[in-house]
Amino acid sequence: MSSIPASRPDGFTLIELVLVIVILGVLAAFALPRFADLSSSARLAALDGVEGTMRSTIGIVKAKARAQGLSPAAANPSGGNAQTGLIIETEAGRSEVDWRNLCPESRAESADALTMLDYLSIDENDQTLLSQVDNRYTRVGYDLNTCYVEYDSFGDPECTVTKVTSGC
């Protein structure tokens with residue numbers, strides 16, 4: 001006598017499918033928040049890079065100014081060619097430093113009229129990072145009110161770099 005093997009249904013049982021769905025739900029509950037937080041971490045890391053580059057730029061420019069024999073002044077030099085005595089040359093080009101602290105001006109008026117963005121190699125038309133530049137301040141970030149780095153070139157006695165991350 002030959003025995004007929006018991007037929008086994010193909011596919012998954014309802015219990016197996018429910019277990020898989022439950023496991024996927026648990027994984028999603030823990031994994032999704034971590035992935036959602038990556039964009040915030042990436043923004044903070046980018047701002048850390050901008051902040052570090054600004055601080056390095058300040059150090060290099062001040063060192064070059066001192067190497068040229070410049071020193072901070074007690075008062076703003078006035079006169080037609082007063083700013084020409086505050087011009088230094090860097091790899092980015094020729095630009096002036098602030099008389100108070102020898103920091104690069106946020107937007108210089110003399111020589112090549114460099115901005116802090118020129119030192120950072122950030123294009124003012126960049127769609128990823130927003131920027132705002134005037135003679136005193138440079139802001140670079142994702143939201144120029146709540147997620148940015150600000151450079152104040154006229155700080156007295158020192159220029160300052162401040163990172164604001166409340167909206168990142």
Practice prompt. Taking only the range 140-162 into account, find how many residues are in a strand (DSSP E or B), touching a residue at least 12 places away in the same chain (Cβ under 8 Å) and within 29 Å of residue 74 (Cα to Cα).
Written response: 6
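Of the residues 40, 110, only one is out of contact with any His (no Cβ under 9 Å at 6 or more places or on another chain) and in contact (Cβ under 8 Å) with a residue 60 or more places away in the chain; which? Quick ask: steps written out before the conclusion?
Numbers: 110 fails: in contact (Cβ under 8 Å) with a residue 60 or more places away in the chain.
The unique qualifying residue is 40.
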Response to the item:
Expected single match for out of contact with any helix residue (DSSP H, G or I) (no Cβ under 8 Å at 6 or more places or on another chain), surrounded by 12 or more Cβ atoms within 10 Å (Cβ to Cβ) and not hydroxyl-bearing (Ser, Thr, Tyr) among 75, 113, 92 is 113
Worksheet entry | Any chance residue 106 is within 20 Å of residue 68 (Cα to Cα) and over 14 Å from the mean Cα position of the chain (by Cα) | no
Practice prompt. From (1) more than 19 Å from the chain's Cα centre (by Cα); (2) part of a helix (DSSP H, G or I); (3) surrounded by 14 or more Cβ atoms within 10 Å (Cβ to Cβ), pick out the condition that doesn't hold for residue 63.
Written response: (3)
Worksheet entry | Residues (of a type in the set (D, E, K, R), farther than 19 Å from residue 72 by Cβ and assigned to a loop (DSSP other than H, G, I, E, B)) located in the range 90-108 | 91
Fill in: Leading residue by the ranking (surrounded by the most Cβ atoms within 10 Å (Cβ to Cβ)) among those in the range 124-167 that are of a type in the set (Phe, Trp, Tyr) and closer than 25 Å to residue 100 by Cβ
151
Worksheet item: Which of the residues that make up the range 31-45 are at pLDDT 85 or above and either over 14 Å from residue 165 (Cα atoms) or touching a Gly at 6+ places or on another chain (Cβ under 9 Å) (or both)?
Response: 43
Discussion item. Quick check on residue 27: is it in a helix (DSSP H, G or I), surrounded by 10 or more Cβ atoms within 10 Å (Cβ to Cβ) and either modelled with pLDDT under 85 or of a type in the set (D, E, K, R) (or both)?
Written reply: yes
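The values are calculated or read from the model by the stated rules, or taken from the named source; none is laboratory data. Keep in mind the model is a prediction, meaning the values are calculated, not measured. Virtual Cβ from ideal backbone geometry, glycine too; neighbours counted across all protein chains shown.
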